[in-house]
Amino acid sequence: MKRMIMALCSLLITVNVQATEVAVVDFRAALLQSNIGQEAAKEPQQKIQAMDARLQKAQDDLKAADEALKREELTLAPEEFNKRRRELVQRQNGIRKMAAQMQQQAKILEKNLIDSLTPKGEAALKSIIEERKLDLVLNRQLSLYANSESDITSELVERINKDN
């Protein structure tokens, strides 16, 4: 009876011990580092650079107007000075609003880029999962620790480049 119980316990222990193949990946980075990602990112980067240039020009113009107002402060009538100060504050608020809109637009451009590349990345990731017989793939940012062998980001970049 004791032998039977021991045999049953050892059988249960061996059934529960299964190796789980786990990998981590930075999917977004893999998409953006791939050749198609870098090519597709050129247009959004140009748009963002143009927006940054407009914002920088507006900030420079505001700074020049502020310096001019400081120079003329003593020669202007108080009403005129206050009027110009209010105009500067309005321009400053407009620049802040412009910067916020540009940041939002940049996020939208990046999201659209990632969305357009995702199907190719997912197909490449699925082929890696099947080849390596992975049971679980985690986002690299969600893992506390992962050794370099379990990170498949560079392999995903190579697969995306190879498939296209």
**Request:** State all residues of segment 43-67 that are among the small types (Gly, Ala, Ser) and surrounded by 12 or more Cβ atoms within 10 Å (Cβ to Cβ); if no residue qualifies, say none.
**Result:** Ala58, Ala65
**Prompt:** Counting only residues that are exposed (fewer than 14 other Cβ atoms within 10 Å of the Cβ) and of a type in the set (A, V, I, L, M, F, W, C), how many does segment 89-110 have?
**Reply:** 3
**Scan of segment 31-84 for residues that are more than 30 Å from Val157 (Cα to Cα), touching a helix residue (DSSP H, G or I) at 6+ places or on another chain (Cβ under 7 Å) and of a type in the set (D, E, K, R), ordered by number** = Asp66, Glu73, Arg84
**Complete:** Of the residues in segment 143-153, those that are open to solvent by less than 60 Å² (accessible area, probe 1.4 Å) and outside any loop (DSSP other than H, G, I, E, B) come to Ser150, Asp151, Thr153
**Complete:** Residues of segment 111-142 being farther than 13 Å from Phe27 by Cβ and outside any helix (DSSP H, G or I), in sequence order, are Lys133, Leu134, Asp135, Leu136
**Fill in**
(1) more than 20 Å from the chain's Cα centre (by Cα); (2) at pLDDT below 95 all hold for Arg96 apart from (2)
**Message:** Step by step: first the residues of segment 22-42, then only those that are charged (D, E, K, R) and surrounded by 12 or more Cβ atoms within 10 Å (Cβ to Cβ), then the one that is farthest from the chain's Cα centre (by Cα). Which residue is that?
**Reply:** Asp26
**Prompt:** Restricting attention to segment 73-83, and to residues there that are without any contact (Cβ under 8 Å) to a residue 12 or more places away in the chain and either in a helix (DSSP H, G or I) or in contact with a Ser or Thr (Cβ under 7 Å, 6 or more places away or on another chain) (or both), which single residue is most open to solvent (accessible area, probe 1.4 Å)?
**Reply:** Glu79
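The values are calculated or read from the model by the stated rules, or taken from the named source; none is laboratory data. Quick caveat: nothing in here was measured; it's all calculated off a predicted structure. Neighbour counts are summed over all protein chains in view; Cβ atoms, including those assigned to glycine, are modelled from backbone coordinates with ideal geometry. Surface accessibility is based on the protein's heavy atoms, side chains included, excluding ligands, DNA and RNA. Shrake-Rupley method; radii C 1.70, N 1.55, O 1.52, S 1.80 Å.
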